[in-house]
């Protein structure tokens, strides 16, 4: 037998990591940082909304004081004698809190990596309640009669129908193990489900900017209708730009998107703080008073 050839040296762990794990480019890091900043800002605002729902709706429901739900202005709140309508009204509010809290956890990468089974079951919870919540919202609008005005009703209806579409597509793509499409559809469903939260922070921002200028905001006015459509159209538009930027290899779009997301994070924090201070806390103070 001939002499064996020389065995090449085994790469050190450092060199192996350099070979197998390419370094993230500065534009990609900037884009990730911008997205993370907006996610943290949104999570703070959404969890404040969830806390309000649990304290106000959950508290009155557990106390049996359903009439107290009307302490907060509603288009159609608690109606004595309307058992099914009241059930849908309360269930819709509580489902909104659950789906908002559940949805934020679905976007945490560590949960997907370390506990994929929790991610899957939480995803089923999120998508299932999204479907039920959209259907109950359409029922409350068109059957129970909780209507704000023609423009707002159209906006709410389109939002609800799109939730049904993208939640279903996210579920089907997950079953097919097409995780690229699943991620895109699930992100769209997440933003659409949170349209009710975007509406509230949008109205607060519009009020803070426009009221001092003499503008009035009411349910049937042009400003409210515009904010109602913007509450789901604008987040979807930003998401589509973000997904396009992710696929781009150019540095300029990534830096521009990162900057945009950073500015939107500040706007989101401002709107959430205004909603807490002027919309939710004034309603909760009588409930939490000793």
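Between residue 213 and residue 107, the modelled labels are 2.8 nm apart [label points 7 Å from Cα along Cα→Cβ]. Between residue 40 and residue 124, the modelled labels are 3.4 nm apart [label points 7 Å from Cα along Cα→Cβ].
Which whole-number percentage describes the relative contact order of the chain, with Cα contacts under 8 Å and a sequence gap of 6 or more?
27 percent
In terms of packing, defined here as the mean over residues of other Cβ atoms within 10 angstrom, the peptides 148-161, 215-228 line up highest first as 148-161, 215-228.
For the pair residue 82 and residue 47, label points projected 7 Å from Cα toward Cβ lie 3.5 nm apart. Ranked by the mean number of other Cβ atoms within 10 Å per residue, highest first, peptides 189-198, 51-60, 243-252 order as 189-198, 51-60, 243-252. Counting other Cβ atoms within 10 Å as a rough exposure proxy, the listed residues 114, 200, 29 run 114, 29, 200 from fewest neighbours to most. What angle, in degrees between 0 and 90 and rounded to the nearest 10, separates the Cα long axis of helix 150-175 from the longest principal axis of the Cα atoms of the chain? Orientation of helix 150-175: about 30 degrees from the principal axis. Legend: ranking of residues 176, 181 from fewest to most surrounding C-beta atoms inside 10 Å; resulting order 176, 181.
Starting from the Cα gyration tensor of segment 130-258, take the square roots of the eigenvalues, sort them a ≥ b ≥ c, and report rounded, prolate or oblate (rounded when a/c is under 1.5, otherwise prolate if a/b is larger than b/c, else oblate). Because a/c hits 1.5 or more and a/b fails to exceed b/c, segment 130-258 counts as oblate.
Going from the residue with the fewest nearby Cβ atoms within 10 Å to the one with the most, 32, 119, 185 rank 32, 119, 185.
The numbers here are math on the coordinates, done by the rules we state, and not lab data. Predicted, not measured: the structure shown is a model, and the values here were computed from it. Here Cβ is always computed from backbone atoms with ideal geometry, including for glycine, and neighbour counts include all displayed protein chains.
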